[in-house]
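Worksheet: one structure, shown below.
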Amino acid sequence: APAARLALYGPPAGPTITLAHAVATGALGEIAQDVSLTVWRNPDELRAGLTSGTIDLSVVPAQAAATLYNRGMGVRLVNVMTNGLLYVIAPEQMLNGFADLAGKRLAVPFPNDTPDFIVRALLARHGIADSVELTPAGSPMEAAQLLMTGRIDAAVLSEPVATVIGIRGREAGRTLARAINLQEEWGRVTGLGPVVPQAGLAVTKRFSEDHGDLIAPLQALLVNATAQMIGAPAEAAEHASGPLEQPASVLAQSIPHCNLTATPASEARPALEAMFSLMAESDPAIIGGRLPDDGFYAL
Amino acid sequence: MGDRLGRLGRFAWSGWSGLAAVALLAAVWQAGHEAYGDFILPSPMATALAAIGLLAAPENWTLLLVTMRRALSGFFLAGILGALLGVIAGYAPAVMRLSRPLLTVALGVPPIAWIVLTMIWFGASDATVAATILVSATPVVFVAGAEGVMTRDRGLDAMAEVFGAGPIRRFLSVGLRQVCAHLLPALALALGTSFKVAVMAELLANAGGVGGALARTRAMLDITGALAWVMLSVVALVVGEYGLVRPVRAELERWREAAQPWGVKR
Amino acid sequence: MGDRLGRLGRFAWSGWSGLAAVALLAAVWQAGHEAYGDFILPSPMATALAAIGLLAAPENWTLLLVTMRRALSGFFLAGILGALLGVIAGYAPAVMRLSRPLLTVALGVPPIAWIVLTMIWFGASDATVAATILVSATPVVFVAGAEGVMTRDRGLDAMAEVFGAGPIRRFLSVGLRQVCAHLLPALALALGTSFKVAVMAELLANAGGVGGALARTRAMLDITGALAWVMLSVVALVVGEYGLVRPVRAELERWREAAQPWGVKR
Amino acid sequence: MTALTLTGVGHAFFGRTVLSRVSLSIRRGEVVALVGPSGCGKSTLAHIAAGLISAREGRVANHYRRHAMVFQDPRLLPWRGAAGNIAYPLELSGMSRRERDLRVRQSARMVQLEGQDLDKFPVELSGGMRQRVAIARAMAIEPDFVFFDEPFTALDVALKRRMQDLVIAAARHNRFAALFITHDLMEAIRVAHRILVMHHKGQGLVGERIVDGEPGNRDDASIFASMQAFLRSDIAFAHVHDVDERRRT
Amino acid sequence: MTALTLTGVGHAFFGRTVLSRVSLSIRRGEVVALVGPSGCGKSTLAHIAAGLISAREGRVANHYRRHAMVFQDPRLLPWRGAAGNIAYPLELSGMSRRERDLRVRQSARMVQLEGQDLDKFPVELSGGMRQRVAIARAMAIEPDFVFFDEPFTALDVALKRRMQDLVIAAARHNRFAALFITHDLMEAIRVAHRILVMHHKGQGLVGERIVDGEPGNRDDASIFASMQAFLRSDIAFAHVHDVDERRRT
Ligand SMILES: Nc1ncnc2c1ncn2[C@@H]1O[C@H](COP(=O)(O)OP(=O)(O)OP(=O)(O)O)[C@@H](O)[C@H]1O
Ligand SMILES: Nc1ncnc2c1ncn2[C@@H]1O[C@H](COP(=O)(O)OP(=O)(O)OP(=O)(O)O)[C@@H](O)[C@H]1O
Ligand SMILES: [Mg+2]
Ligand SMILES: [Mg+2]
């Protein structure tokens, strides 16, 4: 039976575009009469929403979902919605490969988040961890500012910020490019293909108890929506422009780089576990102490 | 009448020196701009133009008014609560001893430790912003109120008592005025804090207003736009300050000015 | 001697009421915990145990000391700068008029507007944290210093002048003491602010210390750990406050206590 | 009819006894002068009698309607002008604005404050003017008991006489009773029915003198003569007269 | 040798003239009393002479080494005990701690402050004690010019005489010159070589009286007689004597 309401949440990043598109096209009408999408900006909102029960499903970083699951919050992962949207942005021609980062100043916003771990792991694999000067930046905004003035050489940014900074750079006469696709780099390391299963749709305990039967149809709809969107990015960008508070033109340019997908969680399990294992190397607590067990994978 | 005119004159004069301060600030800003370029620090001129541009759209006025309303309501709450508790603590040492540690905690705990609680209670609403302001701005008002009471001239209290004033009348006619002398500078601080915290809380709690606009412009890496919003919020603050705190203060400080006649060396 | 003993006694007594306040706080906290559960608000007991657990590891002591050092150095900077400027502004109305608007701007501009500048200047170092503290804590000290000077008893100044004290001696022997009465409560506020801002700045600028640890625990959604860190920073603040501000204050306020003899109605 | 009775009053600050075993009673319409060496506890006694300090021992009973006090220091509200200060107790008693203005002007005239001085803040007033404002404030409410604590010290000869005459007239018409603390023996003799002398360490009253005749009927020369006589012949005044005398006891 | 000379001094507060055309000169070792109605500008004149207020017009010239002042209100540092307050100017002059303690004790004894009173904070002192601390403070530095602004008003008869004798002795041994503001004519006659009378609106000095004989050689009866004579016969004292007289001019 369809649910009375479906409260979707998502961060202001690529995967939420899929949700926005699905909501705007009315595709989710079979699942619930009243569908809403809210963009959260910081994890506290997520925490508050999960506790107070205002959230049914939310796009969350896979690592956060694993932690929540392992801490007994009953949150389960439905699918993976992006295969990674991380890029090293640098002035054109400066970097020709990951190894070129040696001796450069690199900013990584989002400390303690997935990009941070991925970058550190890659630096270690390439044996250049000591020669790269990691400059902390509080937010993508600061990283972009530093990059555009040349105070740092490169920054790790995710979509759609990576697209925005390209546009801003062009306006200012600086050509900044996606110099390194971190997904590909990561794929080389894991041997599982260019996939960083950074974020996915997580379902709350309450929703999976009350409407567990709706999860599979929802996934099917999202697969559909993803395919549609990749075919017509301009339309999807139009739909997502409001919730994400970004101009549609920017989003349209960004979508192709977002590696959007709707891979069922269990299908992505090897990629996820590869990523989780890497994170757990430094401190298992970051994923809640252990790899999440079967129960974590809702589909 | 002449007296009021004179005060108006002095106000205008202080306006001039305010202008001088703004000019100074703009000069430093411009220098920073020239040193670091548009991406770090857009020029004051460009920012001001952007701000004026923002004001052309009525929906931006709404955002500004939303933030101003939140900041002011938080400020009033913090002012009233802080002053009330402070005054009580000033008169009752027991209350003081009990509330000092709580004050320290309120002061020293970073907002991220409890902001999630306010978000649960109030959602992304005015109340979350107000609560954040309350915690940030109340201590300074509280301390000022308590100090005002504790450092009051007890001789005047005794005088009022002799002439038949009960505790309440005594406080209203003698204590309050002395408390105000401490309270007003603190209220000016609290007002500034309120605006800043309102913007930050909106930004963190995703609650619209200027903070929301700031978050949006930042997401778009629109540095000039972000600074323009900050500028608008500061202008709103200045309007609030000159509209609210200063006039009261000038009225209360009249006798103190009388104590500084021109001929007397300072 | 007996006097000192008496003061010690009163200090211990105020310790008791401090304990009462902590107990009160813990009770409210526990209630919150029971209402919202571990994920939002771990119980005070669990948090305290976690905090003690953290202290078992020497590297955590280092983190705590780093933050404490940053907070204190920022506090000293803000205290000295604020008091100095405030006192100058109190004596020189021209400086006051010029600095008031700058103060308003310093107060009202959210940190995110200028944090990039400190990152350019100082990177993720102690200096960034110190600069952030400086901007947040200086205004309250400044205002207190200026108020202290402006509300001083000019009769005492004239007295000192008659007995041959030049402006500097006059300030040191007569003005300073009166300024201190205003300054000390403000310094207590500034100290609390310093700790809070130090943690927040470390968290935002990713600069290690307690803020860094807090960021890590938050990323792990380890709420108990995060609260334990907050608790440790508050304990550090309390240690700082009782070690630094209170003793000075007690010494300075001795004469005021004399004005409140037991037999006299208040 | 007594207006004020103190029985065995004593007080201590921080355990240091400053007053003990003081008993006195003042009739309606009677002006009683209280003299005694500086620091002997006169002001403390007045504060106790007025209910500002609760005595450590002894009882205070009063039977008047409303009292007023001229403190040893003026205790003016610094943020109010002279007129505002005089009006303050009138406001407390809930008097209408018009009547208040009238009373303020009357009282101010009584103490020779001129129109332009009425707008001045206390910081702008001379020492004597401040004292006069305090006197006017106490008189404006028409009290039936007044505590005067060295009220006329900062006034010039003429004003002082004026003020004394005021007290004399009030006493004569039974308008108020007063406890009049002063160091000026001639003043005490001029205005009072009775003079009490306090022990130099506050240990009770050591002497009482009923002044001959009614206040107001004594001329300057006879007052001076009485004073000389008191100082020379009355053992109670010895302490007042001679500092070294105090050491001996 | 003159110690202090004022020539055509005038002053105005907020455009309201309170002093004009005041000229006077005081010789070394001379005590000059200044009398005048309350609010006529005596304190203002003393402040100008001491350099605390810069006069709007006229010149002030002084030829003494160091001055001291007993203000009309005690102006004690509230955070210091009595001893600390007396020591304050000594500290300013850079005196060693030991010598300072000695001097403080001497001065305190001079004004009859006892050991236990020396530790009290000003709020704990009686009015007269506070005034005595202010006197002791001024005397401790051994000034050669002293401005006394109604210095003994809060003291009892015996102490007042003591203090007056101190001034008399100082003048006799040429230890200091003084401008002695007072409302007590008998006091003025007792301590001063010369008495100046100020116009009731500060418009210059309206009278000067050289008192017969040397201070210290005058007995009470003759002082009383002189006072009565001044008040009756000297036109300059008319304002001082009678309030209504002031209105007429
Ligand atoms: N700071 C001030 N501002 C304005 N007016 C003042 C100030 N100080 C004194 N005055 C005015 O100057 C006049 C003279 O004051 P001053 O204190 O010199 O009188 P005085 O002769 O010492 O009187 P008293 O005997 O009462 O002490 C008074 O009218 C007073 O109101
Ligand atoms: N608040 C106080 N705390 C402690 N001691 C006090 C206080 N007030 C007065 N005393 C002490 O009590 C004694 C009596 O003081 P009081 O003011 O009553 O004297 P007094 O007779 O009015 O003297 P004076 O003529 O100098 O005004 C003094 O020794 C004084 O030091
Ligand atoms: Mg007294
Ligand atoms: Mg005077």
Open item on the list: Using a 7 Å offset from Cα along the direction of the beta-carbon, what are the separations from residue D:78 to the same position in each other copy, nm, ascending?
Closed with: 0.8
- [ ] Please work out the Cα center distance from the range A:180-233 to the range B:93-144, rounded to the nearest Å.
- [x] 41
Task: By average C-beta atoms within 10 angstrom, highest first, the peptides B:26-33, A:253-260, C:190-197 - done: C:190-197, A:253-260, B:26-33
Open item on the list: Under the convention of a label 7 Å out along Cα→Cβ, give the distances in nm from residue B:253 to the same position in every other copy, shortest first.
Closed with: 2.6
Task: Environment charge at residue A:216 (Cβ cut-off 14 Å; Lys +1, Arg +1, Asp -1, Glu -1) - done: -2
- [ ] Any chance you could list the semi-axes, whole Å, largest first, of the equivalent ellipsoid that the Cα gyration tensor gives for the range B:42-256, using √(5λ)?
- [x] 38, 21, 12
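Before rounding to the nearest 500, sum -39500 (n - 2.57) across all DSSP H runs of length at least 4 in chain B and divide by the residue total; then give [θ] at 222 nm in deg cm²/dmol.
Estimated from H runs of four or more residues: -27000 deg cm²/dmol.
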Task: Length-normalised contact order for chain B - Cα pairs under 8 Å, 6+ apart - percent - done: 25
Task: Alpha-carbon centroid distance for the pair the range D:64-132 / the range C:199-260, whole angstrom - done: 51
Task: Cβ-based net charge around residue A:184, under 14 Å, with every Lys or Arg adding one and every Asp or Glu removing one - done: +2
Task: Relative contact order %, the range E:77-142, counting alpha carbon pairs below 8 Å whose residues are six or more apart - done: 51
Open item on the list: Which residue in chain C puts its Cβ closest to the axis that rotates chain C onto chain B, and at what distance in whole Å?
Closed with: C:140, 3
TODO: May I ask for log10 I(q)/I(0) of the range E:1-142 at q = 0.13 Å⁻¹, from a Debye sum over the Cα atoms as equal point scatterers with solvent left out?
DONE: -0.68
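May I ask what percent, to the nearest 5, of DSSP beta bridges between residues of the protein assembly as shown are antiparallel? Walk me through the numbers before you get to the answer.
On the way: 59 of 111 bridges.
Here the share of antiparallel DSSP bridges comes out near 55 percent.
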Task: chain D - mean residue ellipticity at 222 nm from DSSP helices (-39,500 (n - 2.57) per run, n ≥ 4, rounded to 500) - done: -11500 deg cm²/dmol
- [ ] Summarise the partner chain shielding of E:127-134 as one whole number: the mean count of Cβ atoms from other chains within 10 Å of each residue's Cβ.
- [x] 4
Task: Longest to shortest principal axis, alpha-carbon extents of the range D:77-142, angstrom - done: 29, 23, 18
Open item on the list: Restricted to Cα positions, what overall size does the range E:13-65 have along the principal axes? Three whole-Å values, descending.
Closed with: 35, 23, 17
- [ ] Starting from the Cα of residue E:42, draw a straight line to each of the aspartates and glutamates and keep only those under 13 Å, dropping any in the same chain fewer than 8 residues away.
- [x] D:156, E:149, E:150
Open item on the list: Can you tell me what share of the DSSP beta bridges in chain E is antiparallel? A percent to the nearest 5 is fine.
Closed with: 50
TODO: Could you size up the charge dipole of the range D:15-159 around its Cα centre, putting +1 on the beta carbon of Lys and Arg and -1 on that of Asp and Glu, and report it in debye to the nearest 20?
DONE: 460
Open item on the list: For the protein assembly as shown, compute Rg over Rh where Rg is the Cα radius of gyration and Rh is the Kirkwood radius from the inverse mean 1/r over Cα pairs.
Closed with: 1.10
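Seen from all sides and averaged, what is the projected area of the convex hull of the Cα atoms in the range B:174-263, in nm²?
That works out to 8.2 nm², a quarter of the Cα hull's surface.
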Open item on the list: At a 10 angstrom cut-off on C-beta neighbours, averaged per residue, how do the peptides D:1-13, A:65-77 rank from highest to lowest?
Closed with: A:65-77, D:1-13
Open item on the list: Between the range A:23-50 and the range D:25-51, what is the separation of their alpha carbon centroids in Å?
Closed with: 81
Open item on the list: Taking the rotation axis that maps chain D onto chain E, which residue of D brings its Cβ closest to that axis, and at what distance in whole Å?
Closed with: D:153, 2
Open item on the list: So the label point sits 7 Å from Cα along the Cα-to-Cβ vector; using that for residue B:121, what distances do you get to the other copies, in nanometres, sorted shortest first?
Closed with: 3.7
Task: Neighbour net charge for residue A:200 - beta-carbon separation under 14 angstrom, K R +1, D E -1 - done: 0
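Antiparallel versus total DSSP beta bridges in chain A: what percent is that, nearest 5?
Around 55 percent of the beta bridges assigned by DSSP in chain A are antiparallel ones.
Provide a whole-number value for the mean count of partner chain Cβ atoms within 10 Å of the Cβ atoms in peptide E:10-19.
3
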TODO: Run the numbers on chain D and let me know its relative contact order in percent, using alpha-carbon pairs under 8 Å that are six or more apart.
DONE: 27
- [ ] Would you list, by chain and number, the aspartates and glutamates whose Cα falls below 14 Å from the Cα of residue D:120, excluding same-chain residues fewer than 8 positions away?
- [x] B:3, B:257
TODO: Take every residue in peptide E:74-81, count the Cβ atoms of other chains within 10 Å of its Cβ, and give the average of those counts.
DONE: 6
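Read-outs: derived from the displayed coordinates by stated rules, not from any lab. Remember, it's a predicted structure, so these values are computed and weren't measured experimentally. When we count neighbours, we look across all protein chains shown, and the Cβ atoms used for this are built from the backbone with ideal geometry, even at glycine.
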